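The values are calculated or read from the model by the stated rules, or taken from the named source; none is laboratory data. Since this is a predicted model, take the numbers as computed values, not measurements. All Cβ positions, glycine included, derive from the backbone under ideal geometry; neighbour counts span all protein chains shown. Note: accessible area is taken over every heavy atom of the protein model, side chains too, but ligands, DNA and RNA are not part of it. Shrake-Rupley method; radii C 1.70, N 1.55, O 1.52, S 1.80 Å.
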Amino acid sequence: MTATLRPIFADQLSRGLVSLCDLDRDRDVVLMMEVRGEATHVPHHRKKIAFLFSAMRHFAATLSREGITLRYVRLDDPENSHSFAGEIARAVETLRPQRIIATQPGEWRVLADMRQWKTQAGLPVEILPDDRFLCSAQRFARWAEGRKQLRLEFFYREMRRETGLLMRRDGTPEGGQWNFDQDNRKAPPPGLIPPPPLSVEPDALTREVIELVARSFPEGFGDLDPFPYAVTPQDAQLVFEHFVTERLACFGDYQDAMLRGQDWLYHGVIALYLNCGLLDPLSVCRRAERAWSEGQAPLNAVEGFIRQILGWREYVRGLYWLEMPGYAATNALDAQRPLPEFYWTGRTDMACIAAVVDQTRRLAYAHHIQRLMVTGQFALLAGIAPREIEAWYLAVYADAFDWVELPNTHGMAIFADGGRMASKPYAASGAYIDRMSDYCGTCRYDVKKKLGPRACPFNYLYWDFLMRHRARLEGNPRLSMPYRNLARFEPERREAIHQDATRFLRAMERGERI
Ligand code: FAD
Ligand code: SF4
């Protein structure tokens, strides 16, 4: 008789997972499930589905080699009920376990579902906190208590002190400052060609999964080929090591750059591995720190990289569990527009959006500034409804799981939380995209034009956004400069901006090519 049933989800592929620690090889069964309900509750990118299913199958093979008993439900299993609850019920009926032990999932929706398992299965269900993060939910809640605004910088400093990463013995930060952003974020020089990330050749198991996904989701979003991603911890480690030796040194300098034909620039492309458990965040940070201490990479690059993982990644997770489920329901800017079709097709004359959507469709990847300042900023300025744009981000990126996607989109990109996370909306005119990318040179719109049919839409949408939300945003000290500029505009200019924005947004709503 089975003693304990231990379900493992697609983002829990770590051998050290808390719910696998006291596993009894003779009496326990690990349950893994490829269910259609999870693959389609938002229309996930096909490369993302293939990545996760292949990583799951490789993880299952590792457990089997260790002699652990597995119940692995494949997508094409005729008995598959295609939901977690249905598969738990089937496993309980067949295996008759005495209890269920699981690790907390990365999504509030799934946690709420799991809380019903006890009643449904008539068994004790223990949900253990996921300890693969550097800051527990309780630790974050303690830090957040009494703070009106939750600013990353203060949280990050505490995490540096706690872990000792990039800290001197006397408790001060290496290099004498916490943050080297003034040395980072350079505009890309013409002809910049970074070395590409290490690409991993798909093995037989991955090829089998790619074929399964192609058959099962023929109309799904996103290309399956090429498939360059690692699906085992060993290969993910090789990819990361290659990044450290070949690309980390320039990470900071070109962190915000965007170039056609250079999909990865100097980014790590490791979030997909960190988020499903193939890489460990602390080891990644320690390795980057060593690259600095051994002279392989400068401090501005290494500090910038560590801040993303030790700071941002931990911070958004803490915020998610602190604020959910109410957080997702806020809509501070009352954004109501449906998501335009071009987020899926890329058919728009805005060259920046077309390029990012095309890259996303090919790779299930775009880097932070593409997500924040192109597709995210457009959604903010155009007033796209939070649920619509959030479902898109959750679907299209291989690294997207609710705990990390939601705060980044809801809080950082579209300011739907009214400033709980970001001190101001990330809004800018087309000049920002022009400075940081080579997109504008090929665009039908003219980034230098402010008004009229050929003007860059980001230009008039930006000012119209500030006018529309004046009551809420004008008092924000970080927006005093643009509001002072706006106050100097002639009434005719303000009216012309509003007219152009209205014309453009109406055309978008009618589904016209814009
Ligand atoms: P790098 O640029 O190499 O950075 C290194 C690592 O730092 C990343 O792998 C990631 O683990 C971490 N990191 C960096 N920025 C963030 C951040 N803001 N929040 C959390 N971790 C961060 N990241 C996800 O992992 N999943 C998502 O679903 C996701 N959705 C996003 C949606 C929007 C609208 C925005 C603006 C950002 C989102 N991010 C998300 C954050 C960030 O864009 C990605 O982590 C990053 O682009 C992944 O690429 P990389 O591994 O090359 O990162
Ligand atoms: Fe994007 Fe405007 Fe530049 Fe075109 S001109 S690529 S719309 S920022």
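List of remarks:
- Some residue of region 10-30 being over 22 Å from the mean Cα position of the chain (by Cα), open to solvent by less than 20 Å² (accessible area, probe 1.4 Å), within 22 Å of Glu211 (Cα to Cα) and touching a residue at least 24 places away in the same chain (Cβ under 8 Å): no
- Restricting attention to region 388-399, the residues being assigned to a helix (DSSP H, G or I) and either touching a Lys or Arg at 6+ places or on another chain (Cβ under 9 Å) or without any contact (Cβ under 8 Å) to a residue 12 or more places away in the chain (or both) number 4.
- The set of residues in region 400-440 being open to solvent by 20 Å² or more (accessible area, probe 1.4 Å), in a loop (DSSP other than H, G, I, E, B), over 30 Å from Arg36 (Cα atoms) and of a type outside the set (Gly, Ala, Ser) consists of Asp417, Arg420, Lys424, Tyr426, Asp438.
- Filtered residues of region 54-68 (kept if touching a residue at least 12 places away in the same chain (Cβ under 8 Å), of a type outside the set (D, E, K, R) and either assigned to a helix (DSSP H, G or I) or surrounded by fewer than 17 Cβ atoms within 10 Å (Cβ to Cβ) (or both)): Ser54, Ala55, Met56, His58, Phe59, Ala60, Ala61, Thr62, Leu63, Gly67
- Residue match in region 470-481 (condition: in contact with a helix residue (DSSP H, G or I) (Cβ under 6 Å, 6 or more places away or on another chain) and in contact (Cβ under 8 Å) with a residue 60 or more places away in the chain): no
- Here is the figure for region 208-253: residues that are over 22 Å from the mean Cα position of the chain (by Cα) and among the basic types (Lys, Arg) total 1.
- Among residues of region 432-452 that are over 17 Å from Thr348 (Cα atoms) and polar (S, T, N, Q), those with a beta-carbon under 7 Å from a residue that is in a helix (DSSP H, G or I) and within 8 Å of ligand 2 (Cβ to nearest atom) at least six positions away or on a different chain give the pairs Ser437/Cys352.
- Scanning region 257-268 for residues that are touching a Leu at 6+ places or on another chain (Cβ under 9 Å) and either in a loop (DSSP other than H, G, I, E, B) or of a type in the set (Val, Ile, Thr) (or both) turns up Ala257, Asp263, Trp264, Leu265, Tyr266, Gly268.
- Selection count where residues are assigned to a helix (DSSP H, G or I) and either under 12 Å from the mean Cα position of the chain (by Cα) or more than 9 Å from ligand 1 (Cβ to nearest atom) (or both), scope region 377-387: 7
- Count of region 254-288 residues which are more than 18 Å from the chain's Cα centre (by Cα), surrounded by fewer than 22 Cβ atoms within 10 Å (Cβ to Cβ) and over 12 Å from Pro195 (Cβ atoms): 7
- The single condition among (1) away from ligand 2 (no atom under 11 Å from the Cβ); (2) within 19 Å of Phe378 (Cα to Cα); (3) surrounded by fewer than 17 Cβ atoms within 10 Å (Cβ to Cβ); (4) within 30 Å of the chain's Cα centre (by Cα) that Asp464 does not satisfy is (3).
- Being away from ligand 2 (no atom under 16 Å from the Cβ) and within 29 Å of the chain's Cα centre (by Cα) is a condition met by no residue of region 428-451.
- Residue within region 32-53 that is closer than 21 Å to Ala236 by Cα, crowded, with 21+ Cβ neighbours inside 10 Å, small (Gly, Ala, Ser) and in contact with a helix residue (DSSP H, G or I) (Cβ under 7 Å, 6 or more places away or on another chain) present: yes
- For region 356-366, the criterion of a residue being among the charged types (D, E, K, R), in contact (Cβ under 8 Å) with a residue 12 or more places away in the chain and buried (at least 23 other Cβ atoms within 10 Å of the Cβ) is satisfied by no position.
- Residue list for region 76-97, restricted to those being over 30 Å from the mean Cα position of the chain (by Cα) and either surrounded by 14 or more Cβ atoms within 10 Å (Cβ to Cβ) or within 28 Å of Ala391 (Cα to Cα) (or both): Asp77, Ala89, Arg90, Ala91, Val92, Leu95, Pro97
- Qualifying residue in region 229-249 (condition: among the charged types (D, E, K, R) and open to solvent by less than 30 Å² (accessible area, probe 1.4 Å)): yes
- Residues satisfying the stated conditions in region 482-512, i.e. free of Cβ contacts under 8 Å to residues at least 60 places away in the same chain and either outside any helix (DSSP H, G or I) or at positive phi (or both): Phe489, Glu490, Arg510, Glu512
- Unique residue being touching a residue at least 24 places away in the same chain (Cβ under 8 Å), open to solvent by 60 Å² or more (accessible area, probe 1.4 Å) and at negative phi when the list is Ile193, Ile210: Ile193
- Criterion: among the polar types (S, T, N, Q), under 25 Å from Pro188 (Cβ atoms), modelled with pLDDT of 95 or more and not in a helix (DSSP H, G or I) - qualifying residue of Thr348, Thr360: Thr348
- Filter pass, Arg488 being away from ligand 1 (no atom under 16 Å from the Cβ), within 15 Å of Leu381 (Cα to Cα) and more than 29 Å from the chain's Cα centre (by Cα): no
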